[in-house]
Amino acid sequence: MTVNADAGSDGDEIGLSFVKVEGLFDSEKIKICKVSVDDLHKVAFHLASVVQDSSWINALDRRAQRAYRDTAAQTANKLVDIFNNANDEEGIGKELGELVVSMGSAKGLNEIFSHYIVPLAELWKPQLSGNEGYDFHTVCGQNYINFGEAKFKSSGSAYASAMNQVEGFVAERKHRRDAVHLENMVSEAAMDNLDHDEFGLVFAFSMNTKNPLQIMINAVGKLTKIFDVNEFKVFYLVGVEH
């Protein structure tokens, strides 16, 4: 088992650090990394700037811009309020926690595995909050869209909740429901893979423990019990330590 402490270039600047974890499972299909919340104030400031960045909308055609602009603006305002209320002394509550886990995990996949980060799902799904579906998406270098589910618990670890949720989403083929939106944001090659049900899954979960590596080992064990490793292109486990 090896831990490669190769933090992203701007990790300190945004209050997060990133570590690649290797050797927990003998398969290239399961990739693992750990994200640590080092400075909640910096993290909240960074995430607020991310959700307010509307450049992805400006890159769309006029029809898509009209479809997404109002939803994105309303949701961004709501999320910024949550980030502005972040307080180191009070710790991370559930609402903020799940945002930190989802967006922090996407950033970790970007830093460690060079993924492209798709705009946060809440910004482009029809509802303002409480969307019933995957929380975030990335695209890896092999042009597979990775569907991520984020779960937060103030103590212990939330990997079981994330995996159980994804198990249900897979059974209901919820990856197909996002396709009509994702086609506006990812490459044609990534969409072609999705059309053939070739994609990856991301289990993003909080960890509040003295032994994060043991949590990772337990998470890998649960993953291999629930999912057929050969059924999907790749699995990512992202533990967010807080």
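So what is the accessible area of the chain per residue, in Å², with the probe set to 1.4 Å? Mind dumping the intermediate values first?
Details: 11550 Å² over 242 residues.
I get 48 Å² per residue for the chain.
Could you check how much of the accessible area of the chain is carbon and sulfur, as a whole percent, using a 1.4 Å probe?
Values: 4930 of 11550 Å².
Carbon and sulfur: 43 percent of the exposed surface of the chain.
The range 48-70 to the range 115-193: how many Å between their Cα centroids?
The distance from the Cα centre of the range 48-70 to that of the range 115-193 comes to 18 Å.
Heads up, I need the accessible area for ILE226: 1.4 angstrom probe, whole protein in place, Å², nearest 10.
Counting only protein heavy atoms, ILE226 exposes about 50 Å² to solvent.
Which percent, nearest 5, of DSSP beta bridges in the range 116-242 are antiparallel? Present the calculation step by step, with values, prior to reporting the outcome.
Details: 8 of 22 bridges.
Antiparallel bridges: around 35 percent, rounded to the nearest 5.
What does the C-alpha gyration tensor say about the overall shape of the range 76-124? Classify as rounded when a/c is under 1.5, otherwise prolate if a/b is larger than b/c, or oblate. Show your work: numbers first, answer last.
Details: a/c = 2.89, a/b = 1.52, b/c = 1.90.
Cα axes put the range 76-124 in the oblate bin.
Starting from the Kirkwood radius over alpha-carbon pairs of the range 129-242, derive D by Stokes-Einstein at 37 °C in a medium of 0.692 mPa s and give it in µm² s⁻¹. Before the final figure, lay out the partial values.
Values: Rh = 14.6 Å.
So the translational diffusion coefficient is about 225 µm²/s.
Rounded to the nearest 5, what % of the DSSP beta bridges within the chain are antiparallel ones? Numbers along the way, then the final one.
Numbers: 18 of 39 bridges.
Bridges in the chain that DSSP calls antiparallel: roughly 45 percent.
Once you mark the GluC sites (Glu not before Pro) that are in a DSSP loop and have at most 14 other Cβ atoms within 10 Å, what is the longest gap between them in the chain? All intermediate terms of the calculation are to be shown ahead of the outcome.
Numbers: sites that count: GLU28, GLU89, GLU90, GLU132, GLU172.
Result, exposed sites excluded: 173-242.
Which distance in nm do the two modelled labels at ASP26 and HIS41 give, with both placed 7 Å along the Cα-to-Cβ direction?
The modelled label-to-label distance comes out at 4.9 nm.
In bins 5 Å wide, starting from 0, what share of all Cα pairs of the chain does each bin hold, as a percent?
1, 6, 15, 19, 21, 18, 12, 6, 2, 0, 0
Contact order normalised by length for the chain, with contacts defined as Cα pairs under 8 Å and 6 or more residues apart; what percent is it? Could you put the intermediate results ahead of the total?
Numbers: 430 pairs, mean separation 53.5, N = 242.
That works out to 22 percent.
Pull up all non-local amide H partners of GLU241: gap of 5 or more, or a different chain, and H-to-H distance under 5 Å with H placed in the peptide plane.
Answer set, sorted by chain and number: VAL35, SER36, VAL37, MET207.
For a 30 Å ceiling on Cα separation, which of these pairs sit above it: LYS78/LYS225; LYS107/LYS233; LYS42/LYS125; LYS31/LYS151; LYS42/LYS153?
Long pairs (Cα-Cα over 30 Å): LYS78/LYS225.
Return the FRET efficiency for the residue pair THR224, ALA179: r is the Cβ-Cβ distance, R0 is 35 Å, and the value is rounded to the nearest 0.05. Don't jump to the answer; show the numbers that get you there.
Details: r = 28 Å, r/R0 = 0.79.
Efficiency computed from Cβ-Cβ geometry: 0.80.
How many percent of all Cα-Cα pairs in the range 122-188 sit more than 14 Å apart? Mind dumping the intermediate values first?
Working: 1408 of 2211 pairs.
That fraction is 64 percent.
Grab the other residues whose beta carbon is less than 15 angstrom from that of ARG62, score K and R as +1, D and E as -1, and report the net.
On the way: positive: ARG63, ARG66, ARG69; negative: ASP61, ASP70.
That works out to +1.
The values are calculated or read from the model by the stated rules, or taken from the named source; none is laboratory data. Computed from a predicted model, the values in this text were never measured in an experiment. Counting neighbours? That spans all protein chains shown, and the Cβs are built from the backbone with ideal geometry, glycine included. With ligands, DNA and RNA removed, areas are computed over all heavy atoms of the protein, side chains included. Shrake-Rupley method; radii C 1.70, N 1.55, O 1.52, S 1.80 Å.
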